[in-house]
Protein chains: 4
Amino acid sequence: MIIVLRHGTSQQEVDEIVDRLKKLGFGAHISKGTERTIIGAIGDERQVNLEEKIGVLPFVEKVIPILAPYKLTSREFRLEDSVIEVGKVPIGPGKFVVMAGPCAVESEKQLMETANRVKEAGAMILRAGAFKPRTSPYSFQGLGEKGLKILAKAREETGMPIVTEALGIEELPLVNEYADMIQIGARNMQNFRLLEAAGRLRKPILLKRGMMSTVDELLMSAEYILSQGNYNVVLCERGIRTFESATRNTLDLSCVPLVKKQSHLPIVVDPSHGTGRSELVPAMSFAALAAGADGLLIEVHPNPIEALSDGPQSQDPAQFSSMMAELKKIAGLKGRAM
Amino acid sequence: MIIVLRHGTSQQEVDEIVDRLKKLGFGAHISKGTERTIIGAIGDERQVNLEEKIGVLPFVEKVIPILAPYKLTSREFRLEDSVIEVGKVPIGPGKFVVMAGPCAVESEKQLMETANRVKEAGAMILRAGAFKPRTSPYSFQGLGEKGLKILAKAREETGMPIVTEALGIEELPLVNEYADMIQIGARNMQNFRLLEAAGRLRKPILLKRGMMSTVDELLMSAEYILSQGNYNVVLCERGIRTFESATRNTLDLSCVPLVKKQSHLPIVVDPSHGTGRSELVPAMSFAALAAGADGLLIEVHPNPIEALSDGPQSQDPAQFSSMMAELKKIAGLKGRAM
Amino acid sequence: MIIVLRHGTSQQEVDEIVDRLKKLGFGAHISKGTERTIIGAIGDERQVNLEEKIGVLPFVEKVIPILAPYKLTSREFRLEDSVIEVGKVPIGPGKFVVMAGPCAVESEKQLMETANRVKEAGAMILRAGAFKPRTSPYSFQGLGEKGLKILAKAREETGMPIVTEALGIEELPLVNEYADMIQIGARNMQNFRLLEAAGRLRKPILLKRGMMSTVDELLMSAEYILSQGNYNVVLCERGIRTFESATRNTLDLSCVPLVKKQSHLPIVVDPSHGTGRSELVPAMSFAALAAGADGLLIEVHPNPIEALSDGPQSQDPAQFSSMMAELKKIAGLKGRAM
Amino acid sequence: MIIVLRHGTSQQEVDEIVDRLKKLGFGAHISKGTERTIIGAIGDERQVNLEEKIGVLPFVEKVIPILAPYKLTSREFRLEDSVIEVGKVPIGPGKFVVMAGPCAVESEKQLMETANRVKEAGAMILRAGAFKPRTSPYSFQGLGEKGLKILAKAREETGMPIVTEALGIEELPLVNEYADMIQIGARNMQNFRLLEAAGRLRKPILLKRGMMSTVDELLMSAEYILSQGNYNVVLCERGIRTFESATRNTLDLSCVPLVKKQSHLPIVVDPSHGTGRSELVPAMSFAALAAGADGLLIEVHPNPIEALSDGPQSQDPAQFSSMMAELKKIAGLKGRAM
């Protein structure tokens, strides 16, 4: 932690900071520049919030953290890429895992048809929501446990593990009973109670980046889960909010190589939510793979025109299938098995 | 709802849309322009998500909603400004209510001292957190129920009602036992399970705008609470996220007159979180009052230098007191009692 | 400047940096922390771009500047608030200067009528564009020199000095001939050639903040002008771009107290562009004054319904007049003459 | 153009709008919904700014444009992809053109060495700045004409055409004398005077997207150039500004397929500025190609550690060369010659 003092700070004030640091268990290294004095705090800055404890002093101009605030999530904590097993499907280096399915489970017929079609095309994990987060209380909220049961049936029939979302703690045990991987959605990325509860499970968690969250915050939210003992976390980039309105969100693909540098956790990309427009999904899927992502989350609906939610961003099985064919070629080049 | 068709759409396709609209209970009004055909869907668009159901058709270029998607929250639903009673303190027209206190309850001594000082200066509601949302799992998380008990004692001693945050459903009953108004924080603005649960109470809810949420989404989240029967909602602007990094957030004061036009609910402003810098708090507090806000949420700490959280944005009692004196003058001009 | 080294940097590499700093004229102060070594560069970091010269070294993790990169613009360079004289109207402490007029000069009749009406209501400077920046090449581009002549006539008749925009260097001499203050628009805030040319004049410059520029960048653009010898700069906040689409821009009023802390230059606010909605202009004008702004830039049109540009955000003379009456009351409280 | 009237608008007011539209040369189509009346304006809305002329009426709630405001730039104007010839290098379908070179020309030795190295690795166009836009007036501003002469020499030696930036109108003739393609930088994307002047040339223009600009605005700025008769425009995505601070900008790759849908102009990507971090450049280059871009703009410096500008985002020749090898493989798959 670097502490920058205001112009004209007295020696007495410098001493006060050094003293304060000592009480907090830190050493101090003082450096007097031409216009400013700077103090380096020496110690483990992740244990104490120095930014608050020192930044509040009136003669401190700013406090600059040096270390990323996460530990277990960091590349320094674990040098090799983590491999997360979802059912029997490993997500991690050397693989490119496509998770596909409808936005929401609407009926057994709809899900079975989609599951069979995406499996044929090469998808390895089935995705669909039984509990849906909707901005309007008047929108379709999902089939609930009935949806989970249909998902379980689809797993039985196709052999694909399933990933589905839990919206709150109270439904977590139920979702945990059925799902092979539990999704925590973008709007819940900083629902700290839900993160803690997910951390107490041992089931893989698919943690989506909030539309307002930095990569550092995404990794901090993952840290909430890991710090409770659950190391099975897959991150997901799904677009952030910007001033551009031609797409639903702005898919931030540079997040992929950035996360790879900073963390050992796998990261997948959701171009369906990331763009909100099915005609942009193939291009952004190819780009995600080329950028180094470990997989994709794709919305596919047997008949997008009849979908109860997210139709405009869903692909139909034929579009999905032709996209998969091209993905396989690029995956071959990148040394990733699909 | 306006449906814009792609260039070159055939009559048969137009008929298909009209037919589809009819099945969904809508009339259709067709208008052929120079380059595009446009269809007006006639019916209550808030009952059916036409954007999804029609937007998904391949010959539809876009679907444009005409009505705001909220009802109970809207100014059209209720023309007069709502007055929300917190304890015996009314928030609404003709009043300007300052809620003040430390970010977190740290100890009985700290809270009592703050409570007495802010009351002296004219604050009407006491604020402080017992459960704290923190981006890091390693930061101070609040005193929990012990903090709530200290808050109750401060209410007893000072007569001020208290507002404090609930982070999740599981602690909502406990917070409800102690608080006069329950805060739902910015990160939980779209925690729909928590909104629903808050809607089943009858206690006033202080709903903070998410840092990446539009005003329309804020009103939709309020609608979640009202739609469950709890009409006691106070909105709070606390800054949104932008590229500007000199302030912690960008306080969006134009949100105040905008909410006033679109909704009957009161709106207060939190310049402490909105700027993150205590030296900017007075200017932004004056501005909020001048812009028409119904009140403020201000962080005050008896000794910001020793605060366990948010010290840099907290005012000390003397700063707060002098700010209150100037606020009273402006409130007088604006016809608002403090 | 603080240089943070990567984990595991060798002594030889540290020496290489120290050596490099020495050649650039800087001293070095080394501080070895628990996990990182940090070097403080001692010298005038505004003369050399260390962020580039040192940040490029492979064993450097990041370079953190300590000083703001502007000098002449800074509060440290000049402690007292600057007063800029526009014609005979001073902008600065103790005053609140309202500049009003139509978006564009459309005709002599339109301008004269507006000028007389805004003067009656208390405006002190007349604003109107003769050269208009338009996103579409097919939109009305302004009357050019004819517009400037009409402006000069309005000045003669009303005695009000005039502020009008120059879009490029080639029209700067012409605008300089007629205007009392030359506006550089938001889209030109980083048109460095235009800034340099404006710096070679001695006429007051109204520099608008770019819609995606930080406050630091605004001050750097001002520095371009001051560094050429023209110290007559008035800054203008006119809204930044965010994800919120209910307003044309998000007016960042916290920019006002922030600029006051960091710079001696006056700052005015343009709520007409900042909100894009005339019904929000009064509330945001009151807020700007309360936040400490030195003045306002307001669009007024005798008949907004017939305006050739920006009608929706223009006030009519009656609205303007009633807003001015309320502004005067608040100005009184704030010790600012109008 | 769709005109949405406020709740409760009278028949007389509807008539007033229809009348007004008629005078502006538009037909009107009235559609009365359950809660709102809507009027479709029939005519060429690109000729008249109805949003301003009608939106200003007090009983109009909003005006919604239906057509994109550009013509010559649009895919509807020209169905096939345009091919732009830079020297003898075509940019367009079936090709993938890498333009590489240092941020700035620093010396003959530096440029010659870079030119030879990037040519060896497969680059087809040489890029380097002689006039540099710098946020600080105290930073290195480029070698000016001397730099252009060095560029010309490098072209002679290597046979590669050159692309370099013009910052203002006054240097445009000079740059035009030397360059094969003239760059208009991000900060100048809405410098309308410069766009007009570039439109009067016939030389290819590389137009970079502003960091605050939507894709629609980028296409409108291109329209400024095309509307003056210069159809030789190549667009460039170089990152937009968001709240994420770990990268210099957020590279918006979904811009690539979006532009391809809406326009016939080629689009290239600049991952060096888009990320600001050389270690992220390869991943984002692969992603850009996979997303359908027509080429790249890459900063390469023979010795990034000694670069006078943008060192941290420059690749060295070895990194560049190995990246080119992998790009060629992906280009093969995508049917693009390199």
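Figures for the structure shown
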read-out: Members of the stretch A:172-195 found to be touching a residue at least 12 places away in the same chain (Cβ under 8 Å), within 14 Å of chain B (Cβ to nearest Cβ) and surrounded by fewer than 18 Cβ atoms within 10 Å (Cβ to Cβ), listed by number; value: A:Leu174
read-out: Test: residue in the stretch A:229-239 that is in contact with an Asp or Glu (Cβ under 9 Å, 6 or more places away or on another chain), of a type in the set (Val, Ile, Thr), touching a residue at least 24 places away in the same chain (Cβ under 8 Å) and farther than 20 Å from D:Pro271 by Cβ; value: yes
read-out: Those residues of the stretch C:122-132 which are buried (at least 22 other Cβ atoms within 10 Å of the Cβ) and touching a Ser or Thr at 6+ places or on another chain (Cβ under 9 Å), in sequence order; value: C:Leu126, C:Arg127, C:Ala128, C:Gly129, C:Ala130, C:Phe131, C:Lys132
read-out: Checking C:Ala246 against (1) over 30 Å from D:Ile64 (Cβ atoms); (2) without any contact (Cβ under 8 Å) to a residue 12 or more places away in the chain, the condition it does not meet; value: (1)
read-out: Candidates A:Ser213, A:Ser227, A:Ser221, filtered to the one that is at pLDDT below 95 and not acidic (Asp, Glu); value: A:Ser227
read-out: Residue check for A:Arg238: within 19 Å of D:Thr250 (Cβ to Cβ) and modelled with pLDDT of 95 or more; value: yes
read-out: Test: C:Gly199 is within 20 Å of C:Leu265 (Cα to Cα) and surrounded by 19 or more Cβ atoms within 10 Å (Cβ to Cβ); value: yes
read-out: Hey, A:Val215 closer than 27 Å to B:Ile169 by Cα, open to solvent by less than 30 Å² (accessible area, probe 1.4 Å) and assigned by TED's automatic domain parsing to the domain that holds A:Lys88 or not; value: no
read-out: Matching option when the condition is of a type in the set (Asp, Glu) and under 23 Å from the mean Cα position of the chain (by Cα), among C:Glu157, C:Glu165; value: C:Glu165
read-out: Every pair of residues 6+ apart whose Cβ atoms lie under 7 Å, when the first sits in the stretch B:68-90 and is closer than 26 Å to B:Met124 by Cβ while the second is in a loop (DSSP other than H, G, I, E, B) and acidic (Asp, Glu); value: B:Val86/B:Asp180; B:Gly87/B:Asp180
read-out: Matching entry among A:Val60, A:Val56 (being modelled with pLDDT under 75, within 11 Å of chain B (Cβ to nearest Cβ) and under 19 Å from C:Lys261 (Cβ atoms)); value: A:Val56
read-out: Criterion violated by D:Thr135 - all others in (1) assigned to a helix (DSSP H, G or I); (2) open to solvent by 20 Å² or more (accessible area, probe 1.4 Å) satisfied; value: (1)
read-out: Tally of residues being within 13 Å of chain A (Cβ to nearest Cβ) and either outside any helix (DSSP H, G or I) or modelled with pLDDT of 95 or more (or both) across the stretch B:159-171; value: 4
read-out: Test: A:Val215 is touching a Cys at 6+ places or on another chain (Cβ under 6 Å), under 28 Å from A:Ala337 (Cβ atoms) and away from chain B (no Cβ under 11 Å); value: yes
read-out: Matching option when the condition is open to solvent by less than 10 Å² (accessible area, probe 1.4 Å) and closer than 26 Å to A:Ile240 by Cα, among A:Ile162, A:Ile169; value: A:Ile162
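The values are calculated or read from the model by the stated rules, or taken from the named source; none is laboratory data. On a predicted model such as this, the values are computed, not experimentally measured, just so you know. Using ideal geometry, Cβ is built from the backbone for each residue, glycine included, and neighbour counts are taken over all protein chains shown. Only protein heavy atoms, including side chains, enter the accessible area calculation; ligands, DNA and RNA are left aside. Shrake-Rupley method; radii C 1.70, N 1.55, O 1.52, S 1.80 Å.
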